[in-house]
Structure formats: C-alpha cells, structure tokens
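The values are calculated or read from the model by the stated rules, or taken from the named source; none is laboratory data. Because the structure is a prediction, the values reported are computed rather than measured. Using ideal geometry, Cβ is built from the backbone for each residue, glycine included, and neighbour counts are taken over all protein chains shown.
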Amino acid sequence: MQIDNDSYINEYRNCTLCPRTCGVDRTKKRGYCRELSELHVARASLHMWEEPCISGKRGSGTVFFSGCNMGCVFCQNKTISRGKTGKIISIDRLVDIFFELEDMGANNINLVTGDMFIPTIRKAIDIAKSRGIGIPFLMNTSSYISVETLKSLEGLIDIYLPDFKYIRNQDAIRYSNSPGYVEAAKAAISEMVRQQPECVFGNDERLMEQTGKDNVVEEKTPDEAGMNSASKCTPEQGMLQKGVVVRHLLMPGMIIQAKLIVKYLYEHYGNSIYISLMNQYTPNGNLSEFPEIDRKVTSSEYDSLIDYAAQIGVINGFMQIGETATESFIPEFDCRGV
C-alpha cells in the first residue's frame, strides 16, 4: 500500500475518524479527543500483561498514544487519555520506535488507543513494512471508531484487540459520554472480523533459533501477567499472528449486560474470534455521582460470567485469575522509549 507523502494530513482537516464526526480541523484545533494532528505518544515499551498469546514470555511492543475519543468516568489512564502526558513525535520517529521494539524482542507492535492518529499510523506502518519489519501489527482500540477508518487499515493490521464495553447505549452515554457506542462497536468489530476472519497462531522462529525450543506460552500467576487462557496456548499454536480478540471489562452490577455481550459475540462469530473477559475494573477518581460503579467487581459476579460463557459453548476465551483490580497493571506514562 503506497501512500502519498501529504494526503494523510488532509484527513485531519475535517476529522471524521470516529463516530462523533466532529469535523474539526485538527491541524489547527483540538478535537473531542483532545489532540491535534501531531503524533502524541506517552510510552513505548515491552508489556507483559496482555493475553498470553499476545505478550508471551518476551512481551508485546506497546506504543501508548495520548488522547481518547471517549470520556470514561472510571478511566485508569487519565493522564494520557486526557492528553496531559506525552511527547510530540514525527512519523520517522514512530517508525524507528517500531524497529526498536522489534529489536528488544517484542512479539508484536501493539498500538494502544491510536484511533485518533490512524492516518499517520497507517503511513508509519506502510513505511515499516516496506523496510522489512518482521512482527505483526496489533490495533488495541475501544471500538468507538468508524468503519471507513478501519477499512483504510486493511492489509496493515494483523491483529485487532477491540473492547466491547457496552450493549446498552444509555450506559455508554452515562459512563463514557459516547452516544451511539453500541452500533459503532458492533459495526467496527464486524469490519475487523471481515479483515481477519480467523485466528492464526505460529511459533516464533527467532526465539526458536535462540533457544532451540518451541515458544510455548505458559500460564502465569497474577503477579507475573494477570491473564490466563481458558484454552491454553500450545506449542502447536504459539503466538497470535492474525485474528481478532474481543475484550470485555466486567463492571460492578452489570453482569446481565456482560452476558448479553458474550451471547452476541458468540452467536455472531462463534469460535472464529477469542473472547477475553476481564475482572480488573478499578474505581478511579471521584465517582460520587456514580455510586453504583464505585466498587470492585465481586468474585461471584465474575465467576457467574465465566460460567455463562462456558455454558453457551465459548471455547476460545481468556479469563483472569487472582486479584487483578490493582494499579499494578497501569504502567508509568513517563515517555519511556519515546
């Protein structure tokens, strides 16, 4: 995919990258996402806390972008989602970061909340691929993104890691100020699956050359990684190379909504995707106006969700074990690696 040197900038001049379609000229003014068109990055490093077949033993090469087009009242990454932390970098620097993460042994390049910079990210990936980067690109997104924006990534993103936060729009509005989230997320995930219809696993040949052994992804304790697979990655599977893994973060008192989300995903996509069910919700900041979510999820709530997923036939899934609702999962956004 060849991209004209300047054409991607025009996509910021009347921004419609997300369902808000705010139409702001982000070369001059910040959009709802609190960002201009310039790349704003808060951290680039190996991350050990993703799903086992994504982080593996060596880590996922995460690039945390600043800004966010949602407005979650419980956000654990407020310093970056509100655009308060980060460094402005060029496309060339972003490409260099991709290769630096690969040199560090990353299993993939994990683009975390890069939705508002997709035109620039798209060009950076195109450059990196033309220069022979050898690991998959992963889009880590809230799913509050337009289908047209996702279509522009076809052939560039190997793995999609979307959230499916809500299946009731009233909750999306109350807790994330994101009208139309449900329809947007459903359409976005459908497009992701169209692009990557099956999960493809493969052994990491570089690690095999170094150790002489298959790269087996072992289950880890909560202190080591926090994520455990309901269907453990085997030597035959190895690391995820292509596909879609949909995440849902269970919120307090929302077990029915969570089950409806699992039901929807399984009925529409079966075992062609993986479903990652998370219990790490942590109340953050002043939630006095939202007392119903000002607590952690109980073990009985989470167990009920896991049991339901198993009962309806979900085989390809991930679950978390132990005490995960702590701030230990939040990295320091200190511009490391940027």
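Taken together, Leu277, Leu305 contain a single residue that is closer than 30 Å to Thr79 by Cα, at pLDDT 95 or above and not polar (S, T, N, Q), which is Leu277. Sub-8 Å Cβ pairs linking a first residue in the range 119-136 that is within 12 Å of Leu153 (Cβ to Cβ) and modelled with pLDDT of 95 or more to a second residue that is β-branched (Val, Ile, Thr) and in a loop (DSSP other than H, G, I, E, B), at least 6 apart or interchain, are Arg122/Ile3; Lys123/Ile3; Ile125/Ile157; Asp126/Ile3, ordered by first then second residue.
Does Lys29 count as surrounded by fewer than 24 Cβ atoms within 10 Å (Cβ to Cβ) and without any contact (Cβ under 8 Å) to a residue 12 or more places away in the chain? Yes. Within the range 174-188, the set of residues being more than 15 Å from Gln257 (Cα to Cα), buried (at least 18 other Cβ atoms within 10 Å of the Cβ) and touching a residue at least 60 places away in the same chain (Cβ under 8 Å) comprises Ser176, Ser178, Ala184.
Residue count for the range 240-290, restricted to those that are out of contact with any strand residue (DSSP E or B) (no Cβ under 8 Å at 6 or more places or on another chain) and either part of a loop (DSSP other than H, G, I, E, B) or of a type in the set (Asp, Glu) (or both): 14. Taking the range 129-149 as the range and being among the β-branched types (Val, Ile, Thr) and in a loop (DSSP other than H, G, I, E, B) as the test, the residues that pass are Ile133, Ile135, Ile145.
From the residues in the range 308-338 that are assigned to a loop (DSSP other than H, G, I, E, B) and among the charged types (D, E, K, R), which one is modelled with the lowest pLDDT? Among them, the one singled out is Glu323. If the requirement is being crowded, with 20+ Cβ neighbours inside 10 Å and out of contact with any Cys (no Cβ under 9 Å at 6 or more places or on another chain), which of these qualifies: Ile145, Ile157, Ile133? Only one candidate passes the filter, namely Ile157.
Only one entry of Thr62, Thr85, Thr79 meets the criterion of being closer than 23 Å to Asn284 by Cβ, in a helix (DSSP H, G or I) and touching a residue at least 12 places away in the same chain (Cβ under 8 Å), and that entry is Thr79. Just one of the numbered conditions (1) out of contact with any helix residue (DSSP H, G or I) (no Cβ under 6 Å at 6 or more places or on another chain); (2) surrounded by 18 or more Cβ atoms within 10 Å (Cβ to Cβ); (3) within 17 Å of Gly134 (Cβ to Cβ) is not true of Thr113: (3). When only residues in the range 160-173 that are out of contact with any Gly (no Cβ under 8 Å at 6 or more places or on another chain) and assigned to a strand (DSSP E or B) count, which is surrounded by the fewest Cβ atoms within 10 Å (Cβ to Cβ)? That would be Asp163. Of everything in the range 1-18 that is closer than 12 Å to Ile121 by Cβ and among the hydrophobic types (A, V, I, L, M, F, W, C), the residue that is modelled with the lowest pLDDT is Ile3. Check the range 39-50 and report whether any residue there is part of a loop (DSSP other than H, G, I, E, B) and surrounded by 23 or more Cβ atoms within 10 Å (Cβ to Cβ). Yes: the range 39-50 contains one or more residues that are part of a loop (DSSP other than H, G, I, E, B) and surrounded by 23 or more Cβ atoms within 10 Å (Cβ to Cβ).
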